[in-house]
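**Q** I am attaching a structure below and will ask some questions about it afterwards.
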Amino acid sequence: MIDFKKFEKYSRPGPRYTSYPTAPEFSETFTQEDLKEYYKNQSDDRAISLYIHMPFCRSACYFCGCNTIFTSKEDKKTRYIEYLKKELNILKNHLNTSRVVTQMHFGGGTPTYFTPEQLQEVISAVKEIFPNFASDAEVSCEVDPRYFTVEHMNVLKAGGCNRLSFGVQDLDEEVQKTIHRIQPFELTQNVINIARDAGIHSVNTDLIYGLPHQTRESFKKTLEKMLTLNTDRFAVFNYAHVPWLMKTMRKFDESTFPAPQEKLEMLKDTIDFFTSNGYKMVGMDHFAKPEDELFKAIEKGELHRNFQGYTTKGGADLIGIGLTSIGNGVDYYAQNFKELEPWENALDNGNLPVFKGYRLSDDDQLRQFVIMELMSNFSLNITRVEQEFKINFKEYFADALAALKEFQDAELIEVSDEKIKVSQTGTMLIRNICMPFDAYLNKIPEDKRRFSKTI
């Protein structure tokens, strides 16, 4: 029996590690000239992964931490597509766009808030510039079930889409009302049927625990109902409360949030529920059927983590396209402007719309590898790290290993000369376990850290 009361001490601000170094370390001293140089030096043999950001939503979901723009005006969406085309044509001047594309993801915002005709226009524009898609390329799209039709599905399918991720969050009526997202179960059921009828064999649904007015019992009911949809994957995220970044989150009465102990119990309930119903845990917040490629990747220790979550498509350079999107290569991160006006101005001037970025040092790349391995595969092959990075692990990471001692004593991890292995219970605290390896976080006093809490 897990004593969750003892775990409350681990509820502290910490990154989700979709990148390392994390986005707060990105700097405006990184410019388009830096990105041009990185593009110029990239190997033609390396694959490309594309992320296209579609920022518009009809209205605000108060829990959402994404970079979105709320509008009901069609002309804004039309204008955005024209500027996406400008960005694509500028990219062509600096990047070998004939390289193989192994992954393309549409995120937002709400990509399907664009009309089917507009989505078709975007897909065609992308494929004109990046014509060489691998035969097994993963093409995915985030979907708000409230804005999804058979016509959307037909366009996406024709564009090569083979994976859809439907946002659900919670089915409880009081929770939905509080988070400003009314979405009846039948609506979600209907759009998943549309996807299945179109032959989409990889369907994911997103849920969130830790929302206002959620309880263990109410969230169990959501899980039970969602299971009947028989989706291939579930992503169950810990709500990230960052009201200093997202004004809509200030609408919540913080006294209605479940306490850290109850959130941990929700997570434990979720793990138990899905694993007892034929799913396996993948990474820190995903569940997949045993035949899913994500699960096969974790068995081989080949699961990767990026800004879109977990993927099997490693070894590719990520190209971010659109407002606020982030791209990265082996030793850099680059982020586009977050506001429409400077993004458009850069494109009007023929420039890559780089807002800021980061050049990774040798130490950054080492720590990135360690953290991403732990986040993805819940284990770290120390011998491999020593061989690849030419270090003595125990000497290099003496401070981190000392900080991990409390997790060892609590039997949350095992540390030997050859590996670090996270226990099943320890997976619930994987962000905490990774934090000692973060050279930047450890320079910031805990009360000054601007991250959501790990629990």
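**Q** Quick one: Ser379 ticks every box in (1) among the polar types (S, T, N, Q); (2) over 30 Å from Ile52 (Cβ atoms); (3) open to solvent by less than 20 Å² (accessible area, probe 1.4 Å) except a single one, so which number is it?
**A** For Ser379, the exception is condition (3).
**Q** Would it be correct to say that Met284 is of a type in the set (A, V, I, L, M), touching a residue at least 40 places away in the same chain (Cβ under 8 Å), open to solvent by less than 30 Å² (accessible area, probe 1.4 Å) and in a loop (DSSP other than H, G, I, E, B)?
**A** Spelling it out, Met284 is indeed of a type in the set (A, V, I, L, M), touching a residue at least 40 places away in the same chain (Cβ under 8 Å), open to solvent by less than 30 Å² (accessible area, probe 1.4 Å) and in a loop (DSSP other than H, G, I, E, B).
**Q** Looking only at region 26-41, count every residue that is surrounded by 18 or more Cβ atoms within 10 Å (Cβ to Cβ) and either within 17 Å of Ser361 (Cα to Cα) or of a type in the set (D, E, K, R) (or both) and tell me the total.
**A** Of the residues in that region, 4 qualify.
**Q** For region 358-378, state whether one or more residues are within 25 Å of Phe234 (Cα to Cα) and small (Gly, Ala, Ser).
**A** yes
**Q** Do you know which residues across region 157-166 are open to solvent by less than 10 Å² (accessible area, probe 1.4 Å) and over 18 Å from Ser135 (Cβ atoms)?
**A** Leu164, Phe166 - these are the residues of region 157-166 that are open to solvent by less than 10 Å² (accessible area, probe 1.4 Å) and over 18 Å from Ser135 (Cβ atoms).
**Q** Let me ask something else about it. Just wondering, is there one or more residues in region 97-108 that are open to solvent by less than 10 Å² (accessible area, probe 1.4 Å), touching a residue at least 12 places away in the same chain (Cβ under 8 Å) and in a helix (DSSP H, G or I)?
**A** Within region 97-108 (the criterion being open to solvent by less than 10 Å² (accessible area, probe 1.4 Å), touching a residue at least 12 places away in the same chain (Cβ under 8 Å) and in a helix (DSSP H, G or I)), the answer is no, since none of the residues qualifies.
**Q** Continuing with this model, one more query. Within region 361-375, is even one residue hydroxyl-bearing (Ser, Thr, Tyr), out of contact with any Asp or Glu (no Cβ under 8 Å at 6 or more places or on another chain), open to solvent by less than 40 Å² (accessible area, probe 1.4 Å) and under 23 Å from Leu318 (Cβ atoms)?
**A** Taking every residue of region 361-375 in turn, none turns out to be hydroxyl-bearing (Ser, Thr, Tyr), out of contact with any Asp or Glu (no Cβ under 8 Å at 6 or more places or on another chain), open to solvent by less than 40 Å² (accessible area, probe 1.4 Å) and under 23 Å from Leu318 (Cβ atoms).
**Q** Can you tell me which of Ile69, Ile48, Ile52 is farther than 20 Å from Asn306 by Cα and under 22 Å from the mean Cα position of the chain (by Cα)?
**A** Only one candidate passes the filter, namely Ile69.
**Q** Have a look at Ser416, Ser452 and point out the one that is among the hydroxyl-bearing types (Ser, Thr, Tyr), at pLDDT 95 or above and open to solvent by less than 50 Å² (accessible area, probe 1.4 Å).
**A** Checking each option against the conditions leaves just Ser416.
**Q** Please work out which residue is farthest from Pro258 (Cα to Cα), limiting yourself to region 184-201 and to residues that are surrounded by fewer than 19 Cβ atoms within 10 Å (Cβ to Cβ) and polar (S, T, N, Q).
**A** Asn193
**Q** Also, I was wondering about something else. I need every pair where a residue in region 35-57 that is farther than 26 Å from Cys161 by Cβ and in contact (Cβ under 8 Å) with a residue 60 or more places away in the chain has its Cβ under 6 Å from the Cβ of a residue that is open to solvent by 50 Å² or more (accessible area, probe 1.4 Å) and assigned to a helix (DSSP H, G or I), sequence separation at least 6 or different chains.
**A** Lys36/His94
**Q** Sticking with this one: Of all strands (runs of 3 or more DSSP E) completely enclosed by region 343-444, which ones contain at least 2 residues that are within 22 Å of Ile455 (Cβ to Cβ) and under 27 Å from the mean Cα position of the chain (by Cα)?
**A** Those strands (runs of 3 or more DSSP E) span 419-422.
**Q** Continuing with this model, one more query. Name every residue in region 206-248 that is surrounded by 19 or more Cβ atoms within 10 Å (Cβ to Cβ), hydrophobic (A, V, I, L, M, F, W, C) and assigned to a helix (DSSP H, G or I), in order of residue number.
**A** Passing the criteria: Phe219, Leu223, Met226.
**Q** Turning to a different aspect of this structure: Look through Ala60, Ala23 and report the one residue that is within 16 Å of the chain's Cα centre (by Cα), of a type outside the set (Ser, Thr, Tyr) and surrounded by fewer than 18 Cβ atoms within 10 Å (Cβ to Cβ).
**A** Exactly one residue qualifies, and that residue is Ala23.
**Q** Restricting attention to region 391-407, which residues are at pLDDT below 95 and open to solvent by 60 Å² or more (accessible area, probe 1.4 Å)?
**A** Glu406, the sole residue that qualifies.
The values are calculated or read from the model by the stated rules, or taken from the named source; none is laboratory data. If you're wondering where the values come from, they're calculated on a predicted model, not measured in any experiment. Please note: Cβ atoms are built from the backbone with ideal geometry, for glycine as well, and neighbour counts cover all protein chains shown. The protein model used for the area step is the full one, side chains on, heavy atoms only, and it has no ligands, DNA or RNA in it. Shrake-Rupley method; radii C 1.70, N 1.55, O 1.52, S 1.80 Å.
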